[in-house]
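Engineer: If you scroll down you'll find the structure; I have some questions about it.
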Amino acid sequence: MRFIELLQLIVFVLVFELLLYVLSGGISTAQLMLFSTAYAVILIITYFYIFSQDIRKSVALSYISLSVALIFGYSVSGVAFRSPLDPYYISLILAAISATNFIPAFLVMRQRHGFIVPHILIIASLPVAMLDPTGYASPALIAAYMVLSNSLEDLIIYAVSLMSIYAPYLILPLLITNIKFVPNISMLNMTYMLPGFELKPAMFFMSIILIYTLVGCMYLLIKKRFLPEAYGLRDILIRTATSYVLCVAAVLTVVIVSQNVISVPQATRYGYLVVVPLTASIFALLNAFNEMLTRSNVLRSKAMSMINSLRSDLNLYASVIEEVSDASTRLSINEVKDSLTKISKELDNISWELSKSLTTARRINEVLNRLDTELSKSLNSIKNSLLNKFASLVNDVKNLYNSIALTSGLMDSHVSDMLKHLEGVNDLEALPDALLKLKKVLKRLCDLCGNVLSVISTYYREVLGKEAYSVNAPIKCSEDLVMLDVIKIYMEFIDKVHSEFKDEVMTTYSNLTKLGRDLEALINSFKDMSSSEVLTALNNLRETFKVLPEFGVTPIRALFNIREVCMALRDNLTRFLDAVNNEVHVRELEMSNLIDLKDIKLDYLTTRKSDVSAAVNELLTYIDRPCRELVEYLVNSKLKPLSELLGYVKLIDITIKRAKYLSLFIKYLDDRLSIDGSINVDEIPLPSNVLSWLLSIYLSSRGGVVYDGRVIKRELSGTS
Amino acid sequence: MVMLMSQYLDRLFRLIDSTDVKSYVNVVITSSLDEYRVLRDRLGSSTLYILLDNVTPNEGNVITLPKLNLDGLWINLSKNHLIIDSINKVKPHIISDIMNALVIISTEPYSLYVTYELLKEVKDLNSRCNVLTLMRLPSMLSDNDALNALIYIAMVLEGGLSNSILVTSDKLFTYLRLIKGIDPLRSCINALLDNYSEISTYLDAYGKLGMILCFPGIELEVFGNLVNTIKFLHHLIGDYEPYINESLLLITKDLILHVDSEAFRRISRDLIRISEIKGQYESMVITIEPRGHLIKSLRRYIHKIYDVSGELRLHINVDKLTYMVGLK
């Protein structure tokens, strides 16, 4: 509750009490009672009108209006107050007491959920308690509240509300000396007629409320744990009977408890035993009936919604079947149509049954279960059957596509994507569209087959140097499922072409793998080559063959691999020759600088170069021939041109490395000769090949030095 | 007593003055401008360079001392005022901050005297200073050269002035300069400094004296194997029957071998590894030998040391020296 609402309530109470106080001077007690009650009723109607959006506000204000009106009715009806205080102050005290009505008001305001009828009963109970001359109505209504509650929280709220409403009337006898002047005979009046026991009526009322609350709790417990939900008449009767028994027990308890507190005539007590349980049972009956009606409505609405949903699915399936009923789709749909008709008839029957207003909630529940289990499953199974048939068709096409891809090595990313998309179709609504897409895929596959024929013809020409097949008038492809058979025929033809050249292709492939192994061995023997450019070219050559699988190669895969490797082989061989030429050029320049510097002849290098050139020229004549010839040449020659080239590069490399130390070696030999006079070459810690190379250079560059019997020494004639 | 007081006063003033003098952690003493340049590139400007040469590089952290051509034994030079002046010129810069010292000297008396005095000063101020001395023996070793070298080695090691002394040959560098495309001095000094920790530990176990040979830019394809390479290296300094047992071989940064007889047999196997790493590093072999050829050539002069130390009342432990050069 917001502050402004609270303020409104307080102002209202004060104004109302002030008004009554002013009016009390000029009218009679009976008129005042009537007037104030009527005024309160008018106010209540006004509240309900004004706060129609929030009924709880209306109820809360009604509490206050009624209680205040009736308190004033009593307080100003000529009774003598025990207190010596001025009536004005007394009225203020009464106003304060009446403010306890704020408690139920707050409770109602705070309660956002719950059944509003109990609150209306509470509002009604007070005027009934005041005006009812028999005294039966009030406990009957109190008992009725209890059977209407749905939770413990509700019960407590009702109990506290009741206690708060009745509290002012129970405190009133403490202030008034002669209660007999109260004009009406009612249950309250009877309690007030017992001078000297002012507090006992209070206890009596509180115990009634407490006992009824306990009974309410028990009823709630039994209802939740043991009683069936209100699905039918039998359930309603059981609940009513239970409430009746409990109320009888409650009234008996109240009678026993109140025996020593107030004196109630015997006839009145019997009357209680009849009236109170009966009233409460009627309310329980109404409540249970209301629950059943509500439940029935909810279930009916749920069932109708399910029927509508099923009908909608049914219509959708029917329309889809209509769209895909083309015979070329190869989806057999006759049995599906029959199933749909059967389901439709069943739905009509169920709708008719539900339209009857007397159908119980139990029956509706059964119908719901049937809809959920049988009919939904049937529809789902129809849907799955159609989708499975479509998936099987897609799978056929996919297998065909894979076969084409395997045969030709040509992939179509659009077809791959489309097939992936079509494989994921699991919605019946998407089926007609998916079928159209499938037809498009088939046309594309058909085109692809034509393309494959053209491509393999080119490949055979490039690899083997032979004409395999020439396509003059390719088959016209269309968007139709019949293309599935056309593609199969295409595939058979392609296979036939392959089988014709299979042996030659496999021989070339075998030669190519052998070439790869030979090249690997060659590279390993030259892996310490110092030229990074040549090494890179060699490694590129090696990489060329790595795409070749060793085992499980089909002839067509071999054809594609051979072509691919051959193209790379030609490129890499050209690059290798360029790298070697470049390296030889640079190294020969370096070498010639060293030779010039040292004035040393190394003629044999140039001789080798001419040999190498012949091998290279031969290789160049084969490099542009068909792949089969190039591979055969390289295999038969055992990679001779390459090994000669590499050997030449290595020879230059080693010579340059040795030449780096030439000055050092010559100075070393010069110094040793000058100190020792002769050198035993076996003492020199150099490998024999380096040593012989060094000696040949040294002896050719130094006059007067001879080599005799593994000893270098100065020539005797020179020294003499 | 007066001398001692003067010395302490001198140090006191030096400490006071050190607030105005830039302090250095490293000090290098060398008599060669080439060596200075190599070390300058390697150690940078945070090092104090004392150059025993007339050529003066115009830089703040270089002190140049005049080069005096003197003969005889270096220990007899104590009365030469020019040398004393030179030493006094350097002393203010030597303060306790110095932690590392590298001394590269020849057998010239002047440079031996100056470095000995400066090392004494360095060690007095900071006994924990790490000193490495590299002594270059001339191609043709005279009696005076040998005596100078031996006395210097004995006095420096006896006085604890240097943590270790490495002897090398000028002749080796003369040969190595003939290899095309190699700066042997730069390569060898860098390799020495890179592997200083290993070398120092090794020398501590072998009397702190050793011979160092280095061969940068080796091509194993030319020499066939590592054994040939090392043998040829010895040939270059006139050692035709090398005995490298108990030597330390440093082959690039990655491969360090302490050669005992068993390990020596295994060396050839390491060739493969060397050839694999060849592409990544400059191939380089350094040998540190406690009983190397150059040290053997010095030991012929041991008997003369007895006479000299007796005449000049030098505090030399000749027995220890005898052991170090491999006679015992």
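Engineer: Does A:ASP596 count as at pLDDT below 85, farther than 24 Å from A:GLU520 by Cβ and within 60 Å of the chain's Cα centre (by Cα)?
Structural biologist: no
Engineer: Since B:ILE165 meets every condition but one in (1) out of contact with any Ser or Thr (no Cβ under 6 Å at 6 or more places or on another chain); (2) crowded, with 22+ Cβ neighbours inside 10 Å, which condition does it not meet?
Structural biologist: Every condition holds for B:ILE165 apart from (1).
Engineer: Does the stretch B:191-211 contain at least one residue that is surrounded by fewer than 18 Cβ atoms within 10 Å (Cβ to Cβ), more than 14 Å from chain A (Cβ to nearest Cβ), modelled with pLDDT under 90 and not in a helix (DSSP H, G or I)?
Structural biologist: The answer is yes; a qualifying residue exists.
Engineer: Can you name the condition, by its number, that A:LYS638 falls short on among (1) away from every other protein chain (no Cβ under 14 Å); (2) at pLDDT below 85; (3) in contact with a Lys or Arg (Cβ under 7 Å, 6 or more places away or on another chain)?
Structural biologist: (3)
Engineer: Which members of the stretch B:171-190 meet the condition of being in a helix (DSSP H, G or I) and either touching an Asp or Glu at 6+ places or on another chain (Cβ under 8 Å) or within 14 Å of chain A (Cβ to nearest Cβ) (or both)?
Structural biologist: Passing the criteria: B:LYS171, B:LEU172, B:PHE173, B:THR174, B:TYR175, B:LEU176, B:PRO184, B:LEU185, B:ARG186, B:SER187, B:ILE189.
Engineer: So A:THR607 ticks every box in (1) farther than 30 Å from A:ILE494 by Cα; (2) at pLDDT 80 or above but one. Which box is left unticked?
Structural biologist: Result: A:THR607 fails condition (2) only.
Engineer: Counting only residues that are touching a residue at least 40 places away in the same chain (Cβ under 8 Å) and farther than 17 Å from A:GLU629 by Cβ, how many does the stretch A:500-517 have?
Structural biologist: The qualifying residues number 1.
Engineer: Here's a check for you: in the stretch B:44-69, which residue that is crowded, with 17+ Cβ neighbours inside 10 Å and of a type outside the set (Val, Ile, Thr) is modelled with the lowest pLDDT?
Structural biologist: B:ASP53
Engineer: What do you reckon, is B:LEU132 at negative phi and in contact with a strand residue (DSSP E or B) (Cβ under 7 Å, 6 or more places away or on another chain)?
Structural biologist: yes
Engineer: Considering only residues of the stretch B:214-232 that are crowded, with 18+ Cβ neighbours inside 10 Å and either among the polar types (S, T, N, Q) or within 22 Å of B:THR322 (Cα to Cα) (or both), which is nearest to the other protein chains (Cβ to nearest Cβ)?
Structural biologist: B:ASN228
Engineer: Tell me which helices (runs of 4 or more DSSP H) are completely within the stretch A:361-435 and hold 2 or more residues being within 29 Å of the chain's Cα centre (by Cα) and without any contact (Cβ under 8 Å) to a residue 40 or more places away in the chain, or say none if there are none.
Structural biologist: A:376-408, A:413-423
Engineer: Moving to a separate point now. Using beta carbons and a limit of 6 Å, which pairs, at least six apart or on different chains, have the first residue in the stretch A:519-533 and away from every other protein chain (no Cβ under 13 Å) and the second one part of a helix (DSSP H, G or I) and among the small types (Gly, Ala, Ser)?
Structural biologist: These pairs meet every condition: A:LEU522/A:SER643; A:GLU533/A:ALA579.
Engineer: Would you pick out the residues in the stretch A:646-701 that are out of contact with any His (no Cβ under 8 Å at 6 or more places or on another chain), among the aromatic types (Phe, Trp, Tyr) and within 13 Å of chain B (Cβ to nearest Cβ)?
Structural biologist: Selection gives A:TYR661, A:PHE665, A:TRP693.
Engineer: Would you mind finding the one in A:ILE712, A:ILE666, A:ILE654 that is of a type in the set (A, V, I, L, M) and free of Cβ contacts under 8 Å to residues at least 12 places away in the same chain?
Structural biologist: Only one candidate passes the filter, namely A:ILE654.
Engineer: Follow-up question, since we're still on this one. Being within 26 Å of B:SER106 (Cα to Cα) and either at pLDDT below 90 or not in a helix (DSSP H, G or I) (or both) is true for just one of B:LEU161, B:LEU257. Which residue is that?
Structural biologist: B:LEU161
Engineer: Given the options A:SER678, A:SER692, name the one that is within 30 Å of B:ARG177 (Cα to Cα) and either without any contact (Cβ under 8 Å) to a residue 24 or more places away in the chain or among the aromatic types (Phe, Trp, Tyr) (or both).
Structural biologist: Every option except A:SER692 fails the conditions.
The values are calculated or read from the model by the stated rules, or taken from the named source; none is laboratory data. Keep in mind the model is a prediction, meaning the values are calculated, not measured. Here Cβ is always computed from backbone atoms with ideal geometry, including for glycine, and neighbour counts include all displayed protein chains.
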